[in-house]
Amino acid sequence: MFDGQFYPGLQPQFDAFAQLRRPYYRARLKDVLTTLGLTTNLKLCLDAADGNSLPATSTKWLDTSGGGYDFFRGTTAGADATDPTINGTADGRTSSEYLSFDGGDYLTYDTTNETWMTNIHKDNAKWTVAIWAWYGSPASNGIGGTSGNNVASVGFHFGMSGGQKWFAAINNGSGVVALQNIMVATLATGSWVFAVSSLDEAVGANGHILGVNSTFELFSSTYSSPSAAGATNTMQIGSRGNAQVPLVNTSRMAAMAMWEGTALTQAQLDGIFQATRKRFGV
């Protein structure tokens, strides 16, 4: 390897044209997940440092999971004030490749919600999300969701709470949350963080894992009276849905993966962190 170390189980990456060897930490996220054997039920794989996911000047953040679940920058294919800004060099595969947010930016799914998106808030849900993000300041920051910020809506959302904690919530439309779990550990701001949520609703006690970097906390995964209806809003990234609680100014997103039908274990989540952390200097 260029850095003089050997990393078991992770193969060096090769540039298709120059045949230049890349250290494993500059591998595309999809390649990391493939190497780790974590592509079963992978529904979304977004990587700002992968030229296949975020080409220069792209109007969408393109899904490389194989499902084609792409998200508009902003709300449409056209340029508008809600578009996150593309930074870095296409396919650069460093921490300099990311989308930046100005406090009013987000991404919106390019069609109506998929079944897997609505399954997240329903009975017997089983899902995982993993992100690399940079929070601009300690305030409520939405990373993704379909519910918006209204407890009377139906759907899910996750991100940073007003208390600077990583959390996930499920709304059932009743005006009372069906689930809301919040970590004790504090999220860092002004630096890259890896944050995850993995939930198997049928498990109950300790069936929900929340994690930041290599710190994990366990919670009940039981939904209270989950809704069988569709989500209230189209899924967004960089907000809780419906443009509500967007990422604050100077925030960044570099990568996001979601699984539906699979709740990754703590060991698997930590494996992703260990395999990707060096790209972000963590």
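Filtered by the rule that a residue be farther than 27 Å from residue 154 by Cβ and open to solvent by less than 10 Å² (accessible area, probe 1.4 Å), region 98-134 gives 99, 132. Exactly one residue out of 89, 64, 94 is touching a residue at least 60 places away in the same chain (Cβ under 8 Å) and not in a strand (DSSP E or B), and it is 94. Check whether at least one residue in region 145-158 is surrounded by 17 or more Cβ atoms within 10 Å (Cβ to Cβ), of a type in the set (A, V, I, L, M) and either in a strand (DSSP E or B) or at pLDDT below 95 (or both), and report yes or no. Scanning region 145-158 turns up at least one residue that is surrounded by 17 or more Cβ atoms within 10 Å (Cβ to Cβ), of a type in the set (A, V, I, L, M) and either in a strand (DSSP E or B) or at pLDDT below 95 (or both). Take residue 228 and decide whether it is out of contact with any strand residue (DSSP E or B) (no Cβ under 8 Å at 6 or more places or on another chain), within 21 Å of residue 38 (Cβ to Cβ) and not charged (D, E, K, R). When the stated conditions are applied, residue 228 does not pass them.
What is the residue count in region 242-262 for residues that are open to solvent by 10 Å² or more (accessible area, probe 1.4 Å) and over 14 Å from residue 37 (Cα atoms)?
Residues meeting the conditions: 11.
Residue under question is residue 228, and the condition is that it be within 13 Å of the chain's Cα centre (by Cα), farther than 18 Å from residue 141 by Cβ and aliphatic (A, V, I, L, M); does it hold? No. Could you identify the single residue in 197, 239, 227 that is surrounded by 24 or more Cβ atoms within 10 Å (Cβ to Cβ) and part of a loop (DSSP other than H, G, I, E, B)? When all the criteria are applied, what remains is 239. Among residues of region 174-203 that are over 28 Å from residue 279 (Cβ atoms), those with a Cβ under 9 angstrom from a residue that is surrounded by fewer than 16 Cβ atoms within 10 Å (Cβ to Cβ) and of a type in the set (A, V, I, L, M, F, W, C), sequence gap 6+ or separate chain, pair up as 174/152; 175/152.
Within region 238-264, the set of residues being within 19 Å of residue 169 (Cβ to Cβ) and of a type in the set (Ser, Thr, Tyr) comprises just one member, 239. Residues that are out of contact with any Phe, Trp or Tyr (no Cβ under 7 Å at 6 or more places or on another chain) and surrounded by fewer than 23 Cβ atoms within 10 Å (Cβ to Cβ) within region 35-56 comprise 35, 36, 37, 38, 39, 40, 51, 52, 55, 56, listed in sequence order.
Would you say residue 176 is at pLDDT below 95 and surrounded by fewer than 22 Cβ atoms within 10 Å (Cβ to Cβ)?
Yes, satisfied.
In region 81-97, of all residues being out of contact with any strand residue (DSSP E or B) (no Cβ under 9 Å at 6 or more places or on another chain) and either farther than 16 Å from residue 26 by Cα or among the charged types (D, E, K, R) (or both), the one that is least open to solvent (accessible area, probe 1.4 Å) corresponds to 91. Residues in region 143-160 that are under 16 Å from residue 249 (Cα atoms) and more than 11 Å from the chain's Cα centre (by Cα): 160 alone.
Restricting to region 57-76, and then to whatever is at pLDDT 95 or above and over 16 Å from residue 255 (Cβ atoms), can you tell me which residue is least open to solvent (accessible area, probe 1.4 Å)?
74
Of the residues in region 21-34, at least one is modelled with pLDDT under 95 and open to solvent by 60 Å² or more (accessible area, probe 1.4 Å).
The values are calculated or read from the model by the stated rules, or taken from the named source; none is laboratory data. On a predicted model such as this, the values are computed, not experimentally measured, just so you know. All Cβ positions, even for glycine, are placed from backbone atoms using ideal geometry, and neighbour counts span all protein chains on display. Just the protein is used for accessible areas: all its heavy atoms, side chains included, with ligands, DNA and RNA removed. Shrake-Rupley method; radii C 1.70, N 1.55, O 1.52, S 1.80 Å.
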